[in-house]
Amino acid sequence: MQDKEQTNVETCIRQGIAKNRQGKYAAAVADFDEALRLDAGAAEAYYQRGNALLRLNKTDGAYADYSKAIDLKPDFADAYNNRSVVQAVRRNWDAAATDASKAIRLQPDDADPYYNRARAKSQNGNQGGALRDINVAIRLRPDFADAYQMRATIKRGQGNLVGAIADLDKGIELAPGNSAPYMLRASVRLGLRNLRGGFADIARAIACKIKRT
């Protein structure tokens, strides 16, 4: 490939990434298409196009692009991690855990694949393994709000309601605009017969949803 063509490929990829960040996913796909027209071996373009397609709920295309990126670059940890997300959307939990494990081996200091593997293990009934993974995710990224919510769900299932509330408190502190942890905390509080706290959390969850509309 000529230097000019390589520059054009990189420009298309940069433009597509910027559009992904702006939420312009269809336009981003067009940029990655052009990058791949210029260089069919650009693993990054396949990966980034997969990200855009996933946002567009085109999971088959996203899966194909992540797989192609991995074929071209077998140590592409982020591609394995995001393919794990696609597998989770498809509810292929064993495959989701396998891809997350590959991402962890390649990039052990990244919290995301531990989170994804924890979700897959939890769905497969391995709550102990899920808890170990989510603990690692939180250790690696202490401000990981979704991880606190997942850990709270696991603890609730294990009967540790006080621990679940503590994690939900932290998750809400980190992401106060998210209605989901309020609803989960409401359920836990109602289970503990804390009616005032439970109904207050339901009201907060509704307020969050109203603000988003």
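The values are calculated or read from the model by the stated rules, or taken from the named source; none is laboratory data. Small disclaimer: the values here were computed from a predicted structure and weren't measured. As a convention, Cβ positions derive from the backbone with ideal geometry for all residues, glycine included, and neighbour counts pool all protein chains shown.
Could you count how many residues in segment 69-88 are surrounded by fewer than 19 Cβ atoms within 10 Å (Cβ to Cβ) and either touching a Lys or Arg at 6+ places or on another chain (Cβ under 6 Å) or not in a helix (DSSP H, G or I) (or both)? Count: 3. With respect to the conditions (1) without any contact (Cβ under 8 Å) to a residue 24 or more places away in the chain; (2) under 24 Å from LYS211 (Cα atoms), MET150 falls short on a single one, namely (1). Please enumerate the residues belonging to segment 122-148 that are in a helix (DSSP H, G or I), surrounded by fewer than 24 Cβ atoms within 10 Å (Cβ to Cβ) and not small (Gly, Ala, Ser). Selection gives GLN123, GLN127, LEU131, ARG132, ASN135, VAL136, ILE138, ARG139, LEU140, ASP146. If you go through segment 162-213 and keep only what is surrounded by 15 or more Cβ atoms within 10 Å (Cβ to Cβ) and touching a Cys at 6+ places or on another chain (Cβ under 6 Å), you end up with just SER179. Per the conditions (1) assigned to a helix (DSSP H, G or I); (2) within 15 Å of the chain's Cα centre (by Cα), the sole criterion not satisfied by ARG91 is (1). Does ASP99 satisfy being outside any helix (DSSP H, G or I) and under 20 Å from the mean Cα position of the chain (by Cα)? Considered against the rule, which asks whether it is outside any helix (DSSP H, G or I) and under 20 Å from the mean Cα position of the chain (by Cα), ASP99 comes out as no. Within segment 113-125, residues that are farther than 21 Å from ASP78 by Cβ sit with their Cβ atoms under 9 Å from residues that are modelled with pLDDT of 95 or more and not in a helix (DSSP H, G or I), at 6+ positions apart or across chains, in these pairs: GLN123/ARG91. ASP94 satisfies every condition listed in (1) surrounded by fewer than 17 Cβ atoms within 10 Å (Cβ to Cβ); (2) closer than 29 Å to THR59 by Cα; (3) in contact (Cβ under 8 Å) with a residue 24 or more places away in the chain; (4) touching a helix residue (DSSP H, G or I) at 6+ places or on another chain (Cβ under 7 Å) except (4).
Of the residues contained in segment 4-25, none is found to be crowded, with 17+ Cβ neighbours inside 10 Å, touching a residue at least 12 places away in the same chain (Cβ under 8 Å), of a type outside the set (A, V, I, L, M) and not in a helix (DSSP H, G or I). A residue that is closer than 24 Å to ASP110 by Cβ, part of a helix (DSSP H, G or I), of a type in the set (Lys, Arg) and free of Cβ contacts under 8 Å to residues at least 60 places away in the same chain occurs nowhere in segment 175-187. Of note, ASP71 satisfies the criterion of being among the acidic types (Asp, Glu) and under 30 Å from ASN124 (Cβ atoms).
Restricting attention to segment 40-63, the residues being assigned to a loop (DSSP other than H, G, I, E, B) and either more than 17 Å from ILE17 (Cα to Cα) or touching a residue at least 40 places away in the same chain (Cβ under 8 Å) (or both) number 4. If you check TYR66 against the conditions, is it under 30 Å from TYR148 (Cβ atoms), assigned to a helix (DSSP H, G or I), among the aromatic types (Phe, Trp, Tyr) and modelled with pLDDT of 95 or more? Here the answer is yes, as TYR66 does meet what is asked.
Residues in segment 37-49 that are aliphatic (A, V, I, L, M) and closer than 12 Å to ASN8 by Cβ were compared, and the one that is nearest to the chain's Cα centre (by Cα) is ALA45.
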